[in-house]
Amino acid sequence: MMILRSALYLCGQVISAVIICFIMLICFPFSGLRDRIISSWAKFNLWTLRWLCGIRYRVQGLENIPSEPSIIISNHQSAWETLFFQLIFPPLSFVLKRQLLWIPFFGWGLAAYHPIAIDRSKKKRALDQLITQGAERLNAGRWLVIYPEGTRMGPGEPGKFQIGGAMIAAKTGAPIVPIAHNGGVFWAKRSFYKYPGTIDIVIGTPIPSQGVKARELNQQSEEWIKQTLTTLPTTR
């Protein structure tokens, strides 16, 4: 039954992505409308995950979300959190590897969402691009989503945090919103299977960045996220 449910979800995800992509192309000149169309696809996917695959979620700390555009620093375990962040935050810009934009339909949708697409093989240029475009996105009223581990990590196996997001915060003065979750327990990295259960998401108190060095900001967010992850289940 789990195979069937996971297969049905994948079919719905692909078909809906194609439909949304065509609608988005029609509305491409209208940035605000385009954002709403793309986020509606994320909402549809979360809905189908709940009713087809039994994946639910519970959130702690919604009251910690500030009103100003901020930098979301989160651990990265699954594709699930990328969908979820579009549900609770204002228009977003994701920091991602540019190869993701080459995926038919999915990548085209990402490209329309004002991402910061970096080439990881050119680290110095990627860091300069991240800081410059990150400041531009924040000034335009968009929130940034940064996964400092750089890739998806399994539950209970957090990776080393890169400093790029903290450098943007130190330069712009935008607060960091740390987030920890265990989405990979139910939708693992590169896994076809979607296991039923409840994902826990914890949104931390914003970390002020005015006058704080990037290294210290990175350390604060890393320590909070890794400590919070120890309180979340790592098995189904």
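The values are calculated or read from the model by the stated rules, or taken from the named source; none is laboratory data. Note that this is a predicted model, so its numbers are computed, not measured. Cβ placement follows ideal geometry from the backbone for every residue including glycine, while neighbour counts extend to all protein chains displayed.
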List the residue pairs whose Cβ atoms are under 6 Å apart, where the first residue sits in the stretch 205-227 and is under 17 Å from His76 (Cβ atoms), the second is of a type outside the set (A, V, I, L, M, F, W, C) and assigned to a loop (DSSP other than H, G, I, E, B), and the two are 6 or more positions apart or on different chains. Trp224/Gly204; Ile225/Asn75; Lys226/Pro158
Hey, any hits in the stretch 133-148 for a residue that's more than 15 Å from the chain's Cα centre (by Cα) and of a type in the set (Phe, Trp, Tyr)? no
Part of a helix (DSSP H, G or I) and of a type in the set (A, V, I, L, M) - does that describe any residue in the stretch 222-234? yes
Given the conditions (1) under 17 Å from Pro175 (Cα atoms); (2) outside any loop (DSSP other than H, G, I, E, B), report the number of the one that Leu87 does not fulfil. (1)
Working only within the stretch 47-79, note down all residues that are surrounded by fewer than 19 Cβ atoms within 10 Å (Cβ to Cβ), part of a loop (DSSP other than H, G, I, E, B) and not small (Gly, Ala, Ser). Ile65, Pro66, Glu68
Filter pass, Ile71 being more than 30 Å from Arg236 (Cβ to Cβ) and at pLDDT 90 or above: yes
Subset of the stretch 123-159 [of a type in the set (Lys, Arg) and under 23 Å from Pro206 (Cβ atoms)]: Arg137, Arg142
